[in-house]
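The structure appears below as structure tokens.
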């Protein structure tokens, strides 16, 4: 993946749970991270007493964090309602010229802020809540 503008990364949500994805906000800063826990399978017969890991056995997770401005009042209301209800919805993160990650996420953090002479902005954190899929561009 070559260099590209950070503003091109999009965060979308299936707002109804059964419909199309809609862009939620104009994010100014974003982060998509993947983690996988390890399972130590080392025993007394491990070669040279080196640690051995059990392939594919660890818990996988993804997290998304972003900050910016809501696209409109409806997007703000949707995200706020999903947070307060603890609802898990399908989200899609689109990274142009790389691909997209899609699957269930729960909003784990939502905060609002702003300067006295500027607009209100928000910070949003999502944690994966099931199997995710990746599709390359």
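The values are calculated or read from the model by the stated rules, or taken from the named source; none is laboratory data. What you see is a predicted model, and the numbers here were worked out from it, not measured in a lab. Positions of Cβ are backbone-derived with ideal geometry, glycine not excepted, and every protein chain shown enters the neighbour counts.
Things worth noting here:
- Subset of segment 115-131 [surrounded by 11 or more Cβ atoms within 10 Å (Cβ to Cβ), modelled with pLDDT under 95 and part of a loop (DSSP other than H, G, I, E, B)]: 120
- The requirement of being in a strand (DSSP E or B), at pLDDT 85 or above and either more than 11 Å from the chain's Cα centre (by Cα) or surrounded by 12 or more Cβ atoms within 10 Å (Cβ to Cβ) (or both) is satisfied by residue 134.
- Residue match in segment 80-91 (condition: in a loop (DSSP other than H, G, I, E, B), over 26 Å from residue 136 (Cβ atoms) and at pLDDT 90 or above): yes
- Among the residues of segment 56-76, just one is outside any strand (DSSP E or B) and modelled with pLDDT of 90 or more, namely 59.
- Selection status of residue 103, under 26 Å from residue 137 (Cα atoms) and either in a strand (DSSP E or B) or without any contact (Cβ under 8 Å) to a residue 12 or more places away in the chain (or both): yes
- Within segment 84-97, the set of residues being farther than 14 Å from residue 11 by Cβ and surrounded by 16 or more Cβ atoms within 10 Å (Cβ to Cβ) comprises just one member, 88.
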